[in-house]
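Data block below; observations after.
The values are calculated or read from the model by the stated rules, or taken from the named source; none is laboratory data. Keep in mind that this is a model prediction, so the values were computed, not measured. In this analysis, Cβ positions are derived from the backbone assuming ideal geometry, glycine residues included, and neighbour counts consider all displayed protein chains. Side chains are part of the model used for accessible areas, which takes the heavy atoms of the whole protein and leaves out ligands, DNA and RNA. Shrake-Rupley method; radii C 1.70, N 1.55, O 1.52, S 1.80 Å.
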Amino acid sequence: MALEDCEFAVGSGRYRRIMAQETGSGERRLAVLEGVLERITYANEENGYTVARVDTGRGGGDLLTVVGALLGAQVGESLRMEGRWGSHPQYGKQFTVENYTTVLPATVQGIRRYLGSGLVKGIGPVFADRITQHFGTDTLQIIEEEPKRLIEVPGLGPKRTKKIADAWEEQKAIKEVMLFLQTVEVSTSIAVRIYKKYGDASISVVKNQPYRLATDVWGIGFLTADRIAQSVGIPHDSPERVKAGLQYALSQSTDQGHCYLPEEQLIADAVKLLQVDTGLVIECLAELAAPPEEGEDPGVVREKVPGPDGAPVTAVYLVPFHRAELSLAAQLLRLLRTDQDRMPGFQDVAWDKALGWLASRTGTDLAPEQEAAVRLALTKKVAVLTGGPGCGKSFTVRSIVELARAKKAKVVLAAPTGRAAKRLAELTGADASTVHRLLELKPGGDAAYDKDRPLDADLVVVDEASMLDLLLANKLVKAVPPGGHLLFVGDVDQLPSVGAGEVLRDLLAEGGPIPAVRLTRVFRQAQQSGVVTNAHRINSGQHPVTDGMKDFFLFVEDDTEEVGRLTVDVAARRIPAKFGLDPRRDVQVLAPMHRGPAGAGNLNGLLQQAITPGRPELPEKRFGGRVFRVGDKVTQIRNNYEKGTNGVFNGTVGVVTSLDPVDQRLTVLTDEDEEVPYEFDELDELAHAYAVTIHRSQGSEYPAVVVPVTTSAWMMLQRNLLYTAVTRAKKLVVLVGSRKAIGQAVRTVSAGRRCTALGFRLSGL
């Protein structure tokens, strides 16, 4: 094979290009490029594809574009990359990386730059300069072999010295895992999580038990685990693979809101997912559902229940959801049937006198429906209050709390989100908290309060109950003491919970044992509100009225990309200018879906650019395709029981208040007024929240909402989706989009019920 080798010495680095020639077999040799990674322009956290700029040492400040799988590469590192030269029609000459290794810098200048890049936690540009001044070219060897000597550097105490040494060791260990995982295209953030979960056992687990990753490590689903498993030699038709695939299919269904799947549907889904014979799937399902060995849990549970249409089906559950459904039904019936009563004074109260006293306190008489709801909540152990906007739910709740407290009852108020809890506290003048904080959930998801250690409460009121999923509702009801009263308050016409189940709807099932009142009368003052009027119009299948409204507007635009641009202009400029509202705190964009030009993902980038643009003097952190800045509005996208005082939960919203590139940490002030620190390698738990999907907005209320409604979201356009979006607004709604899309949303009633058997269990026990 003939090769022309061209080699140039270039400053502190080396620039080497191998001119590839065709061999007789048509093979091409890889070129080699060495340089310092200066910045990452784009990184896909799912597959590791990266666009970056490297300094090859040619001088003049020229940077070269490299693209490809730069998994784990950090800004400041010297890289030896193998790949191919090419040219992009828009961006010009670039190098496509097929694999790389890290080369530690050898000059003082290179080491200073390497350490000052923020690669090693605890070392920023200032300390990098001091350390390299003190140790010179021996710096990296000292950190590696004699880290205690760092204390010789002025300003470096024992605490920071240990932190630097630990960070260096962790980086080395993570690099090893990443190099192993590079062959199966696992992203940097996932490799870090694997290491944090398994430590030194990481490579062993990945090689020998890859399907454990899907259940043990957040962010790794079956598909990633399956790719890893195949790369380490686990057969396509392995029973281990099929069982993992069945459990994954069930897990996916819970993400869609189902508590179980009918057996036939599960088998069909698994065959499609796994591309194996139906017979093998049936055999593996039977093994998963078989009675377990003593002390072990079954893989899944099979049980005959009525399906969503009433016809019997064989339901297949993941174990936690089956247990929670059985438990929730049993605990609700326990509360209903007990002879104990922690508020016995209301059983024979003189209601005329009590309601007269209440009217003197509030200055308003209750409507008959509201009066019925007050009596129900104070005399029945479990009750539901539902109704749409403007029907007096809030005033009814306030009245219930006033009367209960007048009788010296211990009232506990809770809601699924921080915003909803704040609103409940303002409404009643009493303390309210999120359900998670009330129960003091601990790492692992266990609650400090449960059946064995119940809450000290006579009356528990849970607002925004449409958001309660099966698992959280079960934890809550377990903690209500015998004889305590439990009131669920919510709008059953809104979207069901993000998590599995539709608890509020099941509690209201016709013929069920839970007493309920539905408020239907819209009060006169609420009739003046375009938001309230149009919410009820949408809920009854009518188009919203926008002409002549002072608080409900429609900007007609059919082009989806233009809808995205117009939405940003309305939220970031027009509403603040006309109504004096803060675009970050008071205005919320609610999108039907995440993807697309008018989806929450794209809108977040545009809104961040408009509201919190980058400034050269302020630090920022790029993570994957996102950039985090101080002032950013962000939301937590997974339950993490180990963060904050009592965990930080999916949907928690906050603002980034500080960002420290040296300690590699940013801090978020949440809606619950708690400051929560995030290490940079935890930033995949955060997403920007200038725009969120309508599903994620449940339980929250905003002064103004802007809703892009386009035909590109056709499959998502349903009545309860648009109704939920509109009812999130306190003062102002702006719809941006096409009349055709709005018409589709108004006409389309949500297709099909979720697979849940809670209603059946309540009526059958």
Along the stretch 149-157, what does the Karplus equation 6.51 cos²θ - 1.76 cosθ + 1.60 (θ = phi - 60°) give for ³J(HN,Hα), rounded to whole Hz, x for Gly and Pro?
5, 4, 5, 5, 6, x, x, 9, x
Taking H placed 1.01 Å from N in the peptide plane, check which residues at least 5 places from residue 433 or on another chain put their amide H under 5 Å from its amide H.
413, 414, 415
Summing +1 for each Lys or Arg and -1 for each Asp or Glu, what net charge is found among the other residues whose Cβ lies under 13 Å from the Cβ of residue 754?
-4
DSSP beta bridges in the chain [antiparallel fraction, %, rounded to 5]
60 percent
Roughly how many percent of the accessible protein surface of the chain is carbon and sulfur, given a 1.4 Å probe and a whole-percent answer?
49 percent
Once both label points are put 7 Å beyond Cα along the C-beta direction, the residue 338-residue 297 separation in nm becomes 2.7 nm
Using a 1.4 Å probe, what is the accessible area per residue for the chain, in Å²?
45 Å²
Looking at this model, which pairs from 304/380; 380/730; 196/422; 578/633; 163/621 are more than 27 angstrom apart at the alpha-carbon?
304/380; 380/730; 196/422
Residue 709's amide H: which non-local residues (gap 5+, or another chain) put their own amide H closer than 5 Å, with H modeled 1.01 Å from N in plane and none for Pro or chain starts?
736, 737, 738
1/(1 + (r/R0)^6) with r = Cβ-Cβ of residue 577 and residue 650, R0 = 35 Å, i.e. FRET efficiency to nearest 0.05, evaluates to 0.55
Computed, not fitted: 222 nm per-residue ellipticity of the chain from DSSP H runs ≥ 4 (each -39500 (n - 2.57)), nearest 500, equal to -10500 deg cm²/dmol
Let me check against my output: what whole-number percent is the relative contact order of the chain, with C-alpha pairs under 8 Å and at least 6 apart?
10 percent
Considering amide H positions built from the backbone, and no H for Pro or chain starts, which residues 5 or more places from residue 643, or on another chain, come under 5 Å of its amide H?
648
May I ask for the net charge around residue 465, where only other residues with Cβ less than 12 Å from the Cβ of residue 465 are counted and Lys, Arg are +1 while Asp, Glu are -1?
-4
In the neighbourhood of residue 576 defined by beta carbon distances under 13 Å, the net charge of the other residues (Lys, Arg +1; Asp, Glu -1) is +2
Separation between the residue 559 and residue 543 pseudo-spin-labels, each 7 Å from Cα along Cα→Cβ, expressed in nm?
2.3 nm
Just flag the GluC sites (Glu not before Pro) in the stretch 228-307 sitting in loop per DSSP whose Cβ has no more than 14 other Cβ atoms within 10 Å.
293, 294, 296
Rounded if a/c under 1.5, otherwise prolate or oblate - the stretch 388-521, Cα gyration tensor axes
rounded
Sequence of 637, 234, 282 from largest to smallest accessible area, 1.4 Å probe:
282, 637, 234
Could you give the length gained by full extension between residue 673 and residue 711, i.e. 0.36 nm per residue of separation minus their alpha carbon distance, to one decimal place?
9.8 nm
If r is the Cβ-Cβ distance from residue 149 to residue 80 and R0 is 22 Å, what FRET efficiency results, to the nearest 0.05?
0.15
Length added when fully stretched, residue 29-residue 62, from 0.36 nm per residue minus Cα-Cα
9.2 nm
Using a cut-off of under 15 Å, list every residue of the stretch 394-423 whose amide N is near the label point 7 Å from the Cα of residue 521 along the Cα-to-beta-carbon line.
394-396
Given a Förster distance of 35 Å, report the FRET efficiency between residue 286 and residue 750 from their Cβ-Cβ distance, rounded to the nearest 0.05.
0.55
Give the residues of the stretch 260-289 whose amide nitrogen is closer than 18 Å to a point set 7 Å from the Cα of residue 304 in the direction of its Cβ.
261-265
Per residue of the stretch 677-686, in order, report the coupling 6.51 cos²θ - 1.76 cosθ + 1.60 (Karplus, θ = phi - 60°) as ³J(HN,Hα) in whole Hz, putting x for Gly and Pro.
x, 10, 5, 4, 7, 9, 6, 6, 7, 10
For the pair residue 133 and residue 108, the simple spin-label estimate (label points 7 Å beyond Cα toward Cβ) gives in nm 1.1 nm
Once phi is turned into θ = phi - 60°, what whole-Hz ³J(HN,Hα) does the Karplus curve with 6.51, -1.76 and 1.60 give for every residue of the stretch 284-291, x standing for Gly and Pro?
5, 5, 4, 5, 4, 8, 5, x
Contour minus end-to-end for residue 585 and residue 359, with contour as 0.36 nm per residue of separation and end-to-end as the Cα-Cα distance?
77.8 nm
